[in-house]
Amino acid sequence: MKRMLPVLLSAVLLAGCTQPQSEAQPTPGPEATPATAATPAPTATPEPTATPEPGLDYDEIRMIVCENNDQPPELYEGYYTMSRDGLWGLMRADGTEVLPCEALSPVSVCGALYQWHWNVYRNWEEIEALSQELTAAGDGALCGAHGGSVHSFYYDLDSPGRDTTAVDLSALRYLTGGTPAWAVPVEEGCWDYFGDILPVYSAHEDPEGGPEMGWPDSLVEFQRGDGQAVQWWYICRDGAALYPADLELAGWFFDEALAPVQTGGKWAYLDRSGELATEAVYDPVCRDAFQPDEEPVYGAHLRNGYAVVRRGDGWGLLDATGTEVIPCQKEGVAWEGTVLWVKDDTGWHRTELPA
């Protein structure tokens, strides 16, 4: 019998608009308005009280990152990845362990198949047996090695017949991946899943990529109405546009009230009118799925009205109004959309959302 080499479970696959992770209910796109000066995020009192169950003794609990080339990435609901002594596992949002802390890097999820990347060296028989156990328990499956993926939208400045006097939805492209990579027009399914307001960047088609691929060249500056140049901006389902100034990176709204944006090297939250709902005072909380051992680089998008935020070593929770309902003073906060975990010196505690 042929001997099989151990396999490292790591990689991604093409993710299309037809495989939603959650059901998003779109709302009408707003009229474009210029960004205005923001005010610091207020804090709410009182803080929530922890539930009586004993704390979990993990070193870290993190949100699950979908392995697409999203910037910022998409977060996965219903599960967390947790660490002990430098090794990582997977748990349900309620704290039930699904995979032990044996992986070399945080668990992530395949952006197309929604299967787990648990980077542990095992032979194929063990992998398949464990994957079957997960499936039987309703916890998905393990993902093997395969191609690359991306979720991204760009405005094609070279789109044939583009109306240069207004925002032209026919020039909007959904950039996906595979071999080869390609860009396609945005269909209704993309709006239904990603929401009515999409973060986009302006780009020319890469002449070396070939016309059948449509892969964009480098980001280029795009003139907004007052003549100010922007790179990242937002395009709405109804054809309106938002042009906040000085965005270095623009994150997802989905069906939420706010989206994370990077400006001046820090993270802030933008509302649906294009105005900053908070100052740019937050440090990143999400790591790159393809570089999970690096420091966090992205702000978190809202899940069911809340997002994890951080100022230095202090962690907190932001609500849909831009209020820190848990001030950035905690040792750790994790929120994936259903169950909130807060860390103190006795461990991680399942905690009620603020009233």
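Throughout, read-outs are computed from the coordinates displayed, never taken from laboratory work. Computed from a predicted model, the values in this text were never measured in an experiment. As a convention, Cβ positions derive from the backbone with ideal geometry for all residues, glycine included, and neighbour counts pool all protein chains shown.
Pull out the extension gain between GLU102 and LEU353, defined as 0.36 nm times the separation in residues minus the alpha carbon to alpha carbon distance; nm, one decimal.
Details: separation 251, 0.36 × 251 = 90.36 nm, distance 3.08 nm.
Full-extension gain reported as 87.3 nm.
Report the local net charge at TYR80: Lys and Arg +1, Asp and Glu -1, summed over other residues whose C-beta lies under 9 Å from its C-beta.
Details: positive: ARG62, ARG92; negative: GLU336.
Result for the neighbourhood of TYR80: +1.
Report the extension gain between THR346 and ASP85 in nm, rounded to one decimal, defined as 0.36 nm multiplied by the number of residues separating them, less their alpha carbon distance. Numbers along the way, then the final one.
Details: separation 261, 0.36 × 261 = 93.96 nm, distance 1.65 nm.
Full extension from THR346 to ASP85 adds 92.3 nm.
Return the distance in nm (one decimal) between the two label points of a simple spin-label model at SER218 and LEU169, each offset 7 Å from Cα along Cα→Cβ.
3.3
Suppose the chain between TRP124 and SER159 were pulled fully straight at 0.36 nm per residue; how much longer would it get relative to their current alpha carbon spacing?
So the chain would gain 7.9 nm between TRP124 and SER159.
What ranking do 343-349, 115-121, 153-159 get when scored by the average of other Cβ atoms within 10 Å per residue, highest first? Please report the intermediate quantities before stating the final value.
On the way: 343-349: 15.4, 115-121: 22.1, 153-159: 19.1.
Descending packing order for the listed peptides: 115-121, 153-159, 343-349.
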